[in-house]
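Have a look at the structure below, then the notes.
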Amino acid sequence: MYSRQRDGKCDKCATSPSLPLENYRYLFQSTDFPEWVKNTLIVSVVSTAISLGCSVLIGYALARLRFPGSTFLGVGIFLAYLVPPTLLFLPLAQVIATLGLYNTYWALILTYPTQLIPFASWLLMGYFRTIPKEIEESAMADGCSRLQILVRIVLPLSIPGLLSAGIFSFTLCWNEFLYALIFMSSGPMKNIPVGVVSDMIKADTLFWGSLMASAVLGSFPIAILYSFFVKHYVSGLTAGAVKG
């Protein structure tokens, strides 16, 4: 990506060298790239927060509470993650159209959790099971409620699992293309993947330099997340997968 950002406007066969700064200047002055970044960031952060909140409650309930059908429910939640997004497109499109949410942030904020919650719940359920029950039993003996145990004991001990689920969710939202193309792709409401494809690919003309420049800038947030939290991410995934 870094080497190709030196290319100028070109067709699918030829390239012409250009200064990288010209491609970045074109990106910020001739496109709505700053708006795409803002849209992608808002949708990714809010969707990740909603998904993590729901997944914590679901995962803890399946890991610690015993009720009829809990095992089958856990398997069902994981299998729901395996459903291809293309199969959910039609019913979700009808819901979005009925609510009048096309080309709004809520169109994606409400649809992304359908992909995020099943996997994050399954991952956190496995991670919660790695926490010794004796710690929670001691807290209950001291008069703590289930909610207090979850907030004050379980969640602080589950930081690696929460980071793993959060990074996974944020990455999926940041890179998602299909739902963003259908539900939020008009005018300045595009996200980065949709904006780059729609504004920098004109028929058989590819703006390679600006394409690669946008790819470099768009990958920064994800690269920063993984560089700082990669150890917690790997340990959280490993613990959740083994115990899940």
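We did not get these values from a lab; they are worked out from the coordinates using the rules stated. Predicted model only: the values in this text are computed from it and were never measured. Cβ: placed from backbone, ideal geometry, glycine included. Neighbour counts: every protein chain shown.
Over the range 37-147, Cα pairs under 8 Å with separation of 6+ residues give a relative contact order of 48 percent.
Summary of the geometry: the range 146-202 and the range 85-137, compared by the centres of their Cα atoms, lie 11 Å apart. Relative to the Cα centre, the charge distribution of the chain, modelled as +1 at Lys and Arg Cβ and -1 at Asp and Glu Cβ, gives a dipole magnitude of about 300 debye. Dividing the summed helix terms, -39500 (n - 2.57) for each DSSP H run of n ≥ 4, by the number of residues in the chain produces a 222 nm estimate of -22500 deg cm²/dmol to the nearest 500.
Residue by residue, the range 97-114 carries 3J(HN,Hα) couplings of 5, 5, 7, x, 9, 4, 6, 10, 4, 5, 4, 8, 4, 8, 8, 4, x, 5 Hz when phi is fed to the Karplus relation 6.51 cos²θ - 1.76 cosθ + 1.60 (θ = phi - 60°); x denotes Gly or Pro. Each residue of the range 212-223 was assigned a 3J(HN,Hα) from its phi angle through the Karplus curve 6.51 cos²θ - 1.76 cosθ + 1.60 (θ = phi - 60°); the sequence is 6, 5, 5, 5, 5, 5, x, 8, 4, x, 5, 4 Hz, with glycine and proline shown as x.
Packing, taken as the mean count of other beta carbons within 10 Å per residue, orders the peptides 43-53, 75-85 from highest to lowest as 43-53, 75-85.
Rounded to the nearest Hz, the phi-derived 3J(HN,Hα) couplings of the range 131-136 under the Karplus curve 6.51 cos²θ - 1.76 cosθ + 1.60 (θ = phi - 60°) are 7, x, 5, 4, 5, 6, where x marks glycine and proline.
For L206, nonlocal amide neighbours, meaning residues 5 or more places apart or on other chains whose placed amide H falls under 5 Å from its own, are C10, D11, K12. Length gained on full extension, E22 to I222, computed as 0.36 nm times the residue gap minus the Cα-Cα distance: 69.5 nm. Using C-alpha pairs under 8 Å with a sequence gap of at least 6, the mean separation divided by the residue count of the chain gives a relative contact order of 37 percent.
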